[in-house]
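See structure below.
Throughout, read-outs are computed from the coordinates displayed, never taken from laboratory work. Only a predicted model underlies this, so the values are computations on that prediction, with no experimental measurement involved. Please note: Cβ atoms are built from the backbone with ideal geometry, for glycine as well, and neighbour counts cover all protein chains shown.
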Amino acid sequence: MAFSTLFLPMMDSTIKVSTRTGHGTYGQGTFAASTTNYRARIVRRPGYVRAPDGEDIEYRDIVWARSTGSVSITASDRVTLPDGSTPPIVSVERYPDDDGAHHVKILLGH
């Protein structure tokens, strides 16, 4: 089953994703100049997720992004929201269907 266009009316925003290309002098991330646009639904729903080391990490927004292609969104990328903010990515979860990748759930910190 391919991505159903019935989901698109719920994905009323567009996010921009830039791939991390390396690290700067002081360890801050450097990112590709080009971005990939994804249709998305952004929901403000604060919560916590547990890191592998047991630490609780707070998130503020949940983003469901249409990502069915070979390019995948990772936790080291940079997401730019419609308001221009670039909150840190806390977690990325992929949800497949019978044909493979269907959409991605991204938890964003603040």
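With viscosity set to 0.692 mPa s at 37 °C, what whole-number translational diffusion coefficient in µm²/s follows for the chain from Stokes-Einstein and a Kirkwood radius over Cα pairs?
On the way: Rh = 14.7 Å.
Translational D for this selection: 223 µm²/s.
Let me check against my output: what whole-number percent is the relative contact order of the chain, with C-alpha pairs under 8 Å and at least 6 apart? Intermediate results must be reported in sequence, preceding the final value.
Values: 232 pairs, mean separation 29.3, N = 110.
After rounding, I find 27 percent.
Under unit Cβ charges (Lys, Arg +1; Asp, Glu -1), what dipole magnitude, rounded to 20 debye, does the chain have relative to its Cα centre?
Charge dipole of the chain: 280 debye, to the nearest 20.
Where a ≥ b ≥ c are the square roots of the eigenvalues of the C-alpha gyration tensor, would you call region 11-56 rounded, which needs a/c under 1.5, or, failing that, prolate if a/b is larger than b/c, or oblate?
Details: a/c = 3.20, a/b = 1.04, b/c = 3.08.
Cα axes put region 11-56 in the oblate bin.
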